Structures are given as structure tokens and as C-alpha cells.
Amino acid sequence: MPLVLTSSAFTQQGSIPQQYTCQGRDLSPPLSWSGAPEGTKGFVLIVDDPDAPDPAAPKRTWVHWVLYAIPAGTASLPEAVAPAKLPAGTREGTNDWNRTGYGGPCPPVGRHRYFHKLYALDAELPDLGPARKAEVEKAMEGHVLAKAELVGTYQKR
């Protein structure tokens with residue numbers, strides 16, 4: 001059974017509802033997953049946008065959310081999860097707004113794709129502090145057992 005990541009708020013390639021964006025309440029969406037492989041010791045979640053700033057001429061990938069050291073027994077994150085309500089031991093990385101936590105879609109132009117990537121790891125990551133995506137990815141090297149991806153889209157109204 002493959003690792004699968006879903007949201008009750010939007011479907012694969014579907015539009016992300018406004019409440020999860022900068023034009024709404026900027027809440028983190030509810031996420032759930034299943035199919036973690038045998039030997040999973042933890043998870044990493046990275047949400048990013050490879051279409052920044054303009055899908056017609058992308059120049060960079062904008063990081064919206066980095067969570068790491070999510071405990072192996074975890075199978076979901078609720079909507080609007082506050083730092084204090086994250087599963088025990090979960091660490092928050094730094095997004096491209098130079099802060100920890102979720103930052104919702106806020107595309108300057110066009111319809112962007114938002115990749116919600118969940119990694120199952122065969123090791124528990126150490127406390128890297130408010131690490132950036134690249135630092136977390138480096139720490140994950142050689143430890144990824146499986147990856148699931150959920151892509152949502154958003155365009156400002």
C-alpha cells in the first residue's frame with residue numbers, strides 16, 4: 001500500500017479554498033495520510049510553490065510550510081493547527097516569509113500549484129531548530145522510505 005496524502009478541503013489538482021490563503025483566514029488545511037511503510041520512524045511535511053512569482057515565467061520555489069520530526073504514529077494534522085497543538089516532538093522550520101508556521105497561498109499573478117509533500121523516514125531527525133527547507137532535506141538524505149504528494153492550486157480573485 002503506497003503512502004497517500006489527502007485533504008478534506010481540496011482534491012488532487014483541485015482549487016484550495018480561500019480560507020487557507022492570504023485572502024482568507026490563512027489557516028493551514030486539514031491533512032491526513034495512510035500507508036506509511038514498515039520501519040517509519042517519523043515524517044516531514046513541506047509545502048511549496050514552484051511557480052513563483054509567475055507561472056508563465058517561474059523564477060523560484062516559494063516555501064510555505066516546513067514541519068519535521070513528526071512522530072511516526074501521526075496520521076493527520078487538523079485544520080488551523082497551532083504550534084502548541086502539533087504532535088509532541090514535531091518541529092517547525094522556517095518558511096520563505098522568514099517565520100515558522102504555515103503561510104498560505106498568496107500568488108502575485110496567475111494560478112499557482114502548491115505541492116504538499118509528505119516524507120516517511122527510517123530515522124528520527126534531530127532538533128535542527130527553525131531550519132529552512134534545504135537544511136531539512138539535507139538531514140533527510142538517505143532516510144526517505146516513501147513520499148506522498150498532494151497538489152492544490154490557487155489564483156487570487
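Read-outs throughout are calculated quantities, based only on the coordinates presented, and are distinct from any laboratory measurement. Note that the structure is a prediction, hence the values are computed from the model and not measured. Please note: Cβ atoms are built from the backbone with ideal geometry, for glycine as well, and neighbour counts cover all protein chains shown.
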>> From the helices alone, meaning DSSP H stretches of at least four residues, give me the mean residue ellipticity at 222 nm for the chain, per-run term -39500 (n - 2.57), in deg cm²/dmol to the nearest 500.
In response: -1500 deg cm²/dmol
> Which Cα, out of THR11, PRO55, GLY39, lies furthest along the positive dipole direction of segment 4-154 (beta carbon charges, K/R +1, D/E -1)?
Replying inline: PRO55
> Which whole-number percent gives the relative contact order of the chain, counting Cα pairs below 8 Å spaced six or more residues apart?
Replying inline: 31
>> I'd like the antiparallel share, as a percent to the nearest 5, of DSSP beta bridges with both residues in the chain.
In response: 95
> What value does segment 4-154 have for Rg/Rh, both radii from Cα atoms and Rh as Kirkwood defines it?
Replying inline: 0.94
> GLU135 to SER34: extension gain in nm, 0.36 nm per residue of separation minus the Cα-Cα distance?
Replying inline: 33.8 nm
> If we count every other residue with Cβ under 15 angstrom of ALA80's Cβ, Lys/Arg +1 and Asp/Glu -1, where does the sum land?
Replying inline: -1
> Separation between the ALA56 and HIS143 pseudo-spin-labels, each 7 Å from Cα along Cα→Cβ, expressed in nm?
Replying inline: 4.3
>> Can you give me the C-alpha center-to-center distance between segment 29-78 and segment 113-132, rounded to a whole angstrom?
In response: 7
